[in-house]
Amino acid sequence: MSGPASQSGVTWTPAPPAADTQPARRVSQHEFAEIRDLAHKTFGLDLKQGKEALVTARLSKRLAALGLGTIGEYLEVLRSDRTGGELTSLIDALATNYTSFQREPQHFELLRTKILPLIASSHGRTGVWSAGCSTGEEPYTILMHAADVMGEQNLGKLRLLATDISNKALAKARAGVYTLDKLADLPADWRRRFLQKGVGELSGSFRIRPDLASKVEFSRLNLMEPFENAGTFRVIFCRNVMIYFDKHTQERLVRKFAAQLEPGGWLLIGHSEGLMGVRNELEYVMPAVYRKPA
Ligand SMILES: C[S@@+](CC[C@H](N)C(=O)[O-])C[C@H]1O[C@@H](n2cnc3c(N)ncnc32)[C@H](O)[C@@H]1O
C-alpha cells in the first residue's frame, strides 16, 4: 500500500528525510577521502576520519548554489575546474573563520607593554603580521592598540600585513564594517576614536575609520605556499589557524615563520594550540608565546 495510511482515525505519511541526511547529498567514504586529500594537499587542513557529517553540512550550501544534487557531481566540478576558483570556494566552505576583537587579550597586553613601545622608539619600519586574519578583527585590534600606544602620527613606523586564504573573509576584512555586538570587547572610547557609526540604513553598523583601515595591508596568502618574499617581522600572529593542520604541516609552517622573524621576534599562536611535539628553533616564553633567539 502506498500513500497516507489511515488507522483508527490517525493518518500516517512517510516522514521526509532531514535536510542534511538526504541520501543524494551524503558524502561517501571514497568521496570524503578525495576531499580530505585535496584539502590537505592544497591548504593543509587535516580533516580527520569522523568529520564526514561536518563536510556534508558545509558543502550542502555550495551544492545548492551550484544547483548540484550530489557530492559526486560536485567532485566532478572540482576536478574539471582549471581556474582554481572552485577550490577557493571549497576552502571558504570548509575553513572556520570564527574570530573576534581582542580575542585572547594576553597577547595584546604583551604587544602594548613589550613590543609597541620599542617599535615607537625605533627609527625604521617594523613588520607585524596577522597570518590567518579572517574577517579582520585581529589586525584591526593590533592597529587600534598601536594607535593607542604609539599615537596615530607614528603609525607609519608599523607595517601591518594581514593575510588569509579565504577571499570571502578578506572581502569582509577590507570593508571593515561590523555590527555593534561584535565591538563589545573594545573600550568604549575606542569606538568613538577609531570607528565611524553608520546612519540611516546603516544604523547599527560601524566601520573602522577608512584612513586608519588603510594602514593595514590585506592580501591573500596560502600559508602552505612559500612566503619568503613577505618581508621580516617583529611579531607574527598566527592564532587558531594551525589547530587545523597536522604536526608535520605545523612543523614546516613554524620553520617558515621563524625564517621571517627578526632575531628576538615573537610568534603568537592560539591558546588552545601548542607546539608540543613540533620541532622548532623558537624559545618557549609562556603559553601561546614563542620567541626567536636574539
Ligand atoms: C579560526 S580563524 C582565526 C582568525 C584569527 N587569527 C583569530 O585567532 O581570531 C582561521 C583562519 O585561518 C585561515 N586559514 C586556514 N587555512 C589557511 C591557509 N592554508 N593559509 C592561510 N589561511 C588559512 C582561514 O581562512 C580562517 O580565516
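A short reminder: the numbers here are calculations on the coordinates, not readings from a lab. Because the structure is predicted, anything quoted here is derived from the model rather than measured. Glycine gets a Cβ as well: all are built from the backbone with ideal geometry, and neighbour counts include every protein chain shown.
Data table
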item: Among Gly265, Gly200, Gly132: highest mean-square fluctuation, GNM of the chain, C-alpha pairs under 10 Å; result: Gly200
item: Acute angle (nearest 10 degrees) that the helix 247-260 long axis makes with the longest principal axis of the chain, alpha-carbon atoms; result: 30
item: Using alpha-carbon coordinates, inclination of helix 71-80 to the longest axis of the chain, degrees; result: 50
item: Relative contact order of the chain, defined on C-alpha pairs under 8 angstrom at six or more residues apart (%); result: 15
item: Distance in nm between pseudo-label sites at Leu54 and His30 (7 Å out along the Cβ direction from Cα); result: 2.5
item: In sequence order, calculated HN-Hα J values of region 62-67 (Karplus, 6.51, -1.76, 1.60; Hz; x Gly/Pro); result: 5, 4, 4, 4, 8, x
item: Full-stretch length increase - Glu76, Tyr98 - with 0.36 nm per residue and alpha-carbon distance subtracted; result: 5.0 nm
item: Length released on extending from Lys41 to Val149, taking residue separation times 0.36 nm less the Cα-Cα span; result: 34.8 nm
item: Semi-axis lengths, Å, region 106-291, gyration tensor of Cα atoms, sqrt of 5 times eigenvalues; result: 28, 19, 15
item: Angle between the chain longest axis and helix 85-94 axis [Cα atoms, degrees, rounded to 10]; result: 90
item: Calculated over region 122-193: convex hull of Cα atoms, volume per residue (Å³); result: 96
item: Enclosed volume per residue, in Å³, of the convex hull spanned by Cα atoms of region 54-135; result: 127
item: Potential extension, Glu217-His123 segment - 0.36 nm per residue separation minus Cα distance; result: 31.8 nm
item: Value of Rg/Rh across region 20-94 [Cα atoms, Kirkwood radius]; result: 0.92
item: Estimated 222 nm signal from helices in the chain, with DSSP H stretches of n ≥ 4 weighted -39500 (n - 2.57), rounded to 500; result: -11000 deg cm²/dmol
item: Long pairs among Lys61/Lys247; Lys41/Lys256; Lys114/Lys247; Lys247/Lys292; Lys157/Lys247, criterion Cα-Cα beyond 28 Å; result: Lys61/Lys247; Lys114/Lys247; Lys157/Lys247
